[in-house]
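Here is the structure we will look at, set down as structure tokens.
The values are calculated or read from the model by the stated rules, or taken from the named source; none is laboratory data. This is a predicted model, so every value here is computed, not measured. No Cβ is skipped: glycine too gets one built from the backbone with ideal geometry, and neighbour counts run over all protein chains shown. Only protein heavy atoms, including side chains, enter the accessible area calculation; ligands, DNA and RNA are left aside. Shrake-Rupley method; radii C 1.70, N 1.55, O 1.52, S 1.80 Å.
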Amino acid sequence: MYDGALSPAHTLAALFAAVAACGRCAPPARLVAIGPRVVSNQASYPIMLTGEGLPEGARLCVAGLQLPTARLDSGHLTALLPKVALPAAAEEQSFAVTLVKADGSAIAGQSSLTIVNDAGFPTPAGLALSPDGALALAVSAPTGELWVWHLKDAAPPERLRVGDGPRAVAALRLDGRALALVAHDFADELRTIDLADLHAPAGSIALRGGALAIAVDEPRGLAYLANHRCNCVQVVDLRARRLLRELPAGVRPRALSLSADGKLLAVGNGGSDDVSLFDLEGRAGERRVQPRRGTPIVGGHNESMAALVMGGKAPRALAWSDKLQRLFVASAGLNVGPNPQRSEVTTNGGVGVIDAKSGRFLRHVSLLAGIPSALALDEPRGLLYAADLSRGLLTTVDAAKAAESDQAARHSILASLPLPIPKDAELMRPAADFGVEKRAGLEVHAGPAALALAEGGRALYLLSRFHGTLIEVELNNPTQPRVRRVLAGPPMGEQKRRRRGEQLFYTDVGRSTMSCEACHPDGHDDGVFYAKDHPQRIYRSPSLRGARETPPYFFPAGFPSLELTSAVVLRRNRFSNPLPTPVEIEALTAYQRTIISLPNPNVGPSGALPQELGLPDGRKGDPRRGLSLFEGKAGCSSIECHPGPQFTADQDPATRGATHDVGTPVALPLRPQLQEAPPGPRATPSLLGIWDEFPLLQSGAGGLDVDPDGTVVPRYPFALRRVLEMPGSEQHGGANRLSAAERDDLLAYLMTL
């Protein structure tokens with residue numbers, strides 16, 4: 001009779017069954033990390049949570065919110081963080097991050113998320129005048145606003161809410177209506193606003209975001225948007241309210257100029273450091289123009305180095321002259337490569353001249369000052385105006401002389417006007433330190449970031465990035481421009497230290513022609529440059545987005561903190577004239593800490609990875625399969641290589657400073673006798689935001705190549721593929737173990753980071 005007892009054999013079998021069943025049990029749910037670890041509150045931000053045994057239906061708890069998540073697999077959840085309001089004076093704020101199950105029970109583990117208060121840091125950009133000249137318009141991307149000044153009075157501007165990340169504004173008259181057009185980086189729309197009734201419901205034309213500039217063809221009712229997401233120009237029919245087509249351009253187009261007849265469109269490509277020219281009515285398609293070896297430099301400290309030019313720097317503004325048939329290009333100068341003098345100071349801000357017919361870059365004319373940020377052309381009088389953000393100057397150029405010849409261009413600078421600053425403006429350092437010892441004057445605080453001509457060329461308005469003011473200049477005598485009045489801007493927020501750091505980042509106090517922004521436009525990357533510090537070689541100028549999370553800095557990596565980096569770079573930029581103060585170092589560091597990666601546009605509405613993603617070269621991949629490859633077969637996520645959430649070993653002190661040799665080139669093949677090979681393996685950069693970076697690798701060989709004449713050219717615009725499939729060396733990491741389809745999947749995943 002069975003009494004409930006088990007024989008030893010049955011007991012052992014039951015134990016084995018229990019162990020087997022336990023092995024099939026899912027591990028306890030646990031949160032390990034959140035990425036990115038630092039985000040902005042100027043727009044909704046996709047994030048990824050990693051852990052173990054993560055369940056379906058989990059909710060993310062952060063900043064007093066409970067947010068839904070989407071489950072990729074047991075180790076990955078995604079979520080979309082909405083804009084979180086922070087105290088006005090806070091530069092940033094950190095929050096604990098936890099997860100709860102669908103039933104409300106807690107999931108083990110905790111992480112931390114830092115939110116940068118961009119929404120409390122207005123940053124004016126762009127400038128346009130209404131067709132009747134009565135209104136001035138500007139945008140502020142972090143605060144999502146359009147600012148409108150009524151020029152007949154001195155009141156601060158009206159502030160109108162638009163979409164997230166407005167980057168450019170234009171105005172035109174269309175079928176009898178005066179309209180403002182607002183183009184956005186983060187919002188998927190082109191906003192249209194009736195200038196006769198600013199508070200009427202705005203119109204919206206649906207198209208993908210990513211716009212950095214806008215130009216309009218009023219007679220045809222067309223708008224052209226330079227878009228860095230697609231590396232293209234979007235052509236929009238304003239009457240039909242739809243996208244007509246996309247014109248492929250260079251990498252990261254960021255400036256536009258359209259001929260008066262609407263037949264020629266010029267595009268300044270900030271990533272590939274060149275210019276695209278489009279014949280909009282012919283069959284020529286796109287022509288690409290850049291400075292080449294031998295392009296003349298007229299004026300400035302490096303004009304004797306034309307024979308050593310290896311390319312250009314990012315075009316910051318364009319102005320087309322129908323009369324002269326020339327395109328003017330504002331930049332930090334031509335890019336001088338390896339040279340016997342071991343000179344690394346190649347910034348020489350000025351205006352380049354391009355012959356659109358021949359497609360030649362004729363010359364670069366130095367402004368003998370800082371770095372121009374914006375241009376405006378008075379065609380009837382033949383005058384070109386340049387706003388110098390780094391020095392606080394308005395420079396007047398004789399356009400005909402600049403275009404005529406090298407000799408004539410030497411005499412083309414007509415006037416340079418120091419611009420005023422508000423009486424209550426906070427200075428970077430004591431007032432007595434400016435305007436002495438060959439330093440810039442107090443005008444260096446003016447921050448002219450955009451300009452627009454008015455009154456038929458008899459007046460001009462300049463927009464201050466630092467103060468939000470509108471400076472009106474009288475131009476009756478172009479050789480003696482004078483400030484007529486200054487119109488107040490809106491309140492610029494309470495983040496005083498960060499604002500001082502912004503000024504230090506963008507300006508050239510020591511009049512050395514250098515600033516942080518000269519090499520890192522808008523805090524991002526800018527091609528390659530030659531440096532004299534050992535090892536002497538061509539280096540990539542990397543992005544500063546998210547750099548706060550990835551010390552040490554420089555190569556060989558010698559600076560363990562942003563504070564030390566700020567001190568060294570600020571001193572070198574000024575040639576120690578003057579030495580940076582502790583207050584300056586602290587402010588510059590604080591500003592750089594707020595330069596973070598953009599929200600990734602290649603993910604779904606909830607932050608989830610799409611099942612298919614189009615790649616920049618026309619192929620397609622599956623980011624979800626790419627994630628599995630990244631963490632598995634390709635071996636990318638090794639703790640010494642690119643582990644999440646910042647996708648670099650430098651994210652954590654325990655693995656910081658790890659180096660590897662994965663077979664990629666250590667230098668561009670340009671005058672190798674003047675370049676020194678780097679000592680040993682290289683550090684692993686962060687992959688966060690890599691979808692918007694160009695070129696790649698510390699040498700820049702991920703995207704760039706060298707022509708026989710010694711010009712560095714952007715031959716491989718999809719730099720990520722070039723890195724994975726570079727011939728002549730061991731393929732990057734474990735890419736040689738992947739099939740072509742698997743590499744597409746891996747690339748698709750990298751585009752979502």
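Structure above, values below:
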{"item": "Answer residue from the stretch 666-680, given it is within 28 Å of the chain's Cα centre (by Cα) and open to solvent by 30 Å² or more (accessible area, probe 1.4 Å) and is farthest from His524 (Cα to Cα) among those", "result": "Pro669"}
{"item": "Filtered residue count, the stretch 381-403, keeping only those that are in contact with a Pro (Cβ under 7 Å, 6 or more places away or on another chain) and of a type in the set (A, V, I, L, M, F, W, C)", "result": "6"}
{"item": "Members of the stretch 727-753 found to be at pLDDT below 85 and part of a loop (DSSP other than H, G, I, E, B), listed by number", "result": "Pro727, Gly728, Ser729, Glu730, Gln731, His732, Gly733, Gly734"}
{"item": "Tally, over the stretch 155-205, of residues that are in a strand (DSSP E or B), of a type in the set (Asp, Glu), free of Cβ contacts under 8 Å to residues at least 40 places away in the same chain and farther than 22 Å from Leu244 by Cβ", "result": "1"}
{"item": "Single unsatisfied condition, Arg208 versus (1) free of Cβ contacts under 8 Å to residues at least 24 places away in the same chain; (2) of a type in the set (D, E, K, R); (3) under 28 Å from Glu246 (Cβ atoms)", "result": "(1)"}
{"item": "Check on Ala634, at pLDDT below 95, part of a loop (DSSP other than H, G, I, E, B), open to solvent by 20 Å² or more (accessible area, probe 1.4 Å) and not acidic (Asp, Glu)", "result": "no"}
{"item": "Residue among Pro645, Pro616, Pro605, Pro610 that is open to solvent by 40 Å² or more (accessible area, probe 1.4 Å), closer than 24 Å to Arg59 by Cβ and in a loop (DSSP other than H, G, I, E, B)", "result": "Pro605"}
{"item": "Number of the condition not met by Arg545 [criteria: (1) out of contact with any Ser or Thr (no Cβ under 6 Å at 6 or more places or on another chain); (2) assigned to a loop (DSSP other than H, G, I, E, B); (3) of a type in the set (D, E, K, R)]", "result": "(1)"}
{"item": "Of all residues making up the stretch 412-444, the number that are open to solvent by 70 Å² or more (accessible area, probe 1.4 Å) and in contact (Cβ under 8 Å) with a residue 60 or more places away in the chain", "result": "3"}
{"item": "Out of Val345, Val309, sole residue that is open to solvent by less than 10 Å² (accessible area, probe 1.4 Å) and out of contact with any Asp or Glu (no Cβ under 7 Å at 6 or more places or on another chain)", "result": "Val309"}
{"item": "Test: Arg484 is at pLDDT 95 or above, part of a strand (DSSP E or B) and surrounded by fewer than 20 Cβ atoms within 10 Å (Cβ to Cβ)", "result": "yes"}
{"item": "Neighbours by Cβ (under 7 Å, 6+ apart or cross-chain): first from the stretch 222-249, of a type in the set (Phe, Trp, Tyr); second open to solvent by 30 Å² or more (accessible area, probe 1.4 Å)", "result": "Tyr224/Leu258"}
{"item": "Output for the stretch 132-154, where each listed residue is in contact (Cβ under 8 Å) with a residue 40 or more places away in the chain and hydrophobic (A, V, I, L, M, F, W, C)", "result": "Leu135, Ala136, Leu137, Ala138, Val139, Ala141, Leu146, Trp147, Val148, Trp149, Leu151, Ala154"}
{"item": "Extreme residue, most open to solvent (accessible area, probe 1.4 Å), among residues of the stretch 380-411 that are outside any helix (DSSP H, G or I) and without any contact (Cβ under 8 Å) to a residue 40 or more places away in the chain", "result": "His411"}
{"item": "All positions within the stretch 549-576 that are of a type in the set (Gly, Ala, Ser), modelled with pLDDT of 90 or more and open to solvent by 30 Å² or more (accessible area, probe 1.4 Å)", "result": "Ser561, Ser576"}
{"item": "Matching option when the condition is touching a residue at least 40 places away in the same chain (Cβ under 8 Å), under 17 Å from Ile354 (Cα atoms) and touching a strand residue (DSSP E or B) at 6+ places or on another chain (Cβ under 6 Å), among Gly268, Gly262", "result": "Gly268"}
{"item": "Unique match (being in contact with a Gly (Cβ under 8 Å, 6 or more places away or on another chain) and either under 18 Å from Glu517 (Cβ atoms) or of a type in the set (S, T, N, Q) (or both)) among Leu389, Leu383, Leu368, Leu375", "result": "Leu389"}
{"item": "Matching option when the condition is surrounded by 23 or more Cβ atoms within 10 Å (Cβ to Cβ), in contact (Cβ under 8 Å) with a residue 24 or more places away in the chain and either part of a loop (DSSP other than H, G, I, E, B) or of a type in the set (Phe, Trp, Tyr) (or both), among Gly710, Gly700", "result": "Gly700"}
{"item": "Residues being closer than 21 Å to Ile354 by Cβ, open to solvent by less than 10 Å² (accessible area, probe 1.4 Å) and in contact with a Leu (Cβ under 9 Å, 6 or more places away or on another chain) - total across the stretch 233-258", "result": "3"}
{"item": "Ser276 in a strand (DSSP E or B), under 22 Å from the mean Cα position of the chain (by Cα) and at pLDDT 95 or above", "result": "yes"}
{"item": "Failed condition for Pro315, given (1) buried (at least 24 other Cβ atoms within 10 Å of the Cβ); (2) not in a loop (DSSP other than H, G, I, E, B)", "result": "(2)"}
{"item": "Thr469 vs. criteria at pLDDT 95 or above, touching an Asp or Glu at 6+ places or on another chain (Cβ under 9 Å) and crowded, with 22+ Cβ neighbours inside 10 Å", "result": "no"}
{"item": "Positions within the stretch 684-697 being at positive phi and open to solvent by 20 Å² or more (accessible area, probe 1.4 Å), in sequence order", "result": "Leu697"}
{"item": "Residue in the stretch 31-48 that is charged (D, E, K, R), touching a strand residue (DSSP E or B) at 6+ places or on another chain (Cβ under 8 Å), assigned to a strand (DSSP E or B) and open to solvent by 30 Å² or more (accessible area, probe 1.4 Å) present", "result": "no"}
{"item": "Test: residue in the stretch 80-92 that is crowded, with 22+ Cβ neighbours inside 10 Å, at pLDDT 95 or above and out of contact with any helix residue (DSSP H, G or I) (no Cβ under 9 Å at 6 or more places or on another chain)", "result": "yes"}
{"item": "Only listed residue being modelled with pLDDT of 95 or more, farther than 27 Å from Arg574 by Cβ and under 25 Å from the mean Cα position of the chain (by Cα), chosen from Ala386, Ala403, Ala376, Ala399", "result": "Ala376"}
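Residue-by-condition table, conditions (1) under 26 Å from Asp652 (Cβ atoms); (2) touching an Asp or Glu at 6+ places or on another chain (Cβ under 7 Å); (3) open to solvent by less than 10 Å² (accessible area, probe 1.4 Å):
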{"residue": "Gly489", "(1), (2), (3)": "no, no, no"}
{"residue": "Lys496", "(1), (2), (3)": "no, yes, no"}
{"residue": "Arg511", "(1), (2), (3)": "no, no, no"}
{"residue": "Cys516", "(1), (2), (3)": "no, no, no"}
{"residue": "Tyr530", "(1), (2), (3)": "no, yes, yes"}
{"residue": "Ser543", "(1), (2), (3)": "yes, yes, no"}
{"residue": "Ala547", "(1), (2), (3)": "yes, no, no"}
